[in-house]
Amino acid sequence: MINKTFLQIACLFALFGVILGAFGAHALESRLSPERLATFETGVRYQMYHAIALLLVAILAAFLKEQRFIRIAGWLLVIGTLLFSGSIYLLACRELIGLTTWRWLGPLTPIGGTCLIIAWGLLFFTATKIQNKNHEIKK
């Protein structure tokens, strides 16, 4: 069975990725420096990459017997995307929204990135353990 929660979150990540990408391209282009706009776009790009990854995790859950690592990887993708992309959006726009004194935002980005790296590692580990119903998948 497809993991409905991950499927729904993936769709929301993609939906808001498109919205934020359009917002950055149209509403923020004249309000942010080129460097800050590029930073914002990095957040959108990583959010979209990991929305697609989470879609794949939702689908993989339907085909794999051992789902423990898939579920952990899925939640790490969710947390990592929220922390990584979310902190990038806030850091890029902090002058606009008055968050210049929020110094704790900076460390959230590498924490989110670490969650994403661990999630991909777990997915790699899971991929090495995949077996077909009748025989092992050949390398």
Report task. Could you give the C-alpha radius of gyration of the stretch 4-128 expressed as a fraction of 2.2 N^0.38 Å, taking N as the number of residues it contains? Result -> 1.13
Requested in this report: Mind checking which of L83, M1, T39 is farthest towards the positive end of the chain's charge dipole, using Cβ charges of +1 (Lys, Arg) and -1 (Asp, Glu) about the Cα centre?
Outcome: M1
Report summary line: Expressed as a whole-number percentage, the relative contact order of the chain with C-alpha contacts under 8 angstrom and at least six residues apart is 27 percent
**Report entry** F124 paired with F63, simple spin-label distance in nm, labels 7 Å along Cα-to-beta-carbon
**Finding:** 2.0 nm
Report task. May I ask you to sort T100, T42, T109, T81 by Cβ crowding, counting other Cβ atoms within 10 Å and putting the fewest first? Result -> T100, T42, T109, T81
Requested in this report: For the chain, return all DSSP H helices satisfying: extent of Cα atoms along own axis at least 18 Å; mean Kyte-Doolittle hydropathy at least 1.0.
Outcome: 4-26, 68-97, 105-129
**Report entry** chymotrypsin sites (Phe, Trp or Tyr not before Pro) within the stretch 1-100: DSSP coil, no more than 10 neighbouring Cβ in 10 Å
**Finding:** none
Query raised in the report: Arranged by the count of other C-beta atoms within 10 angstrom, fewest first, what order do V78, V18 take?
Result: V18, V78
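Read-outs throughout are calculated quantities, based only on the coordinates presented, and are distinct from any laboratory measurement. Predicted model only: the values in this text are computed from it and were never measured. Every residue, glycine as well, gets a Cβ built from its backbone with ideal geometry; the counts of neighbours run over all protein chains shown.
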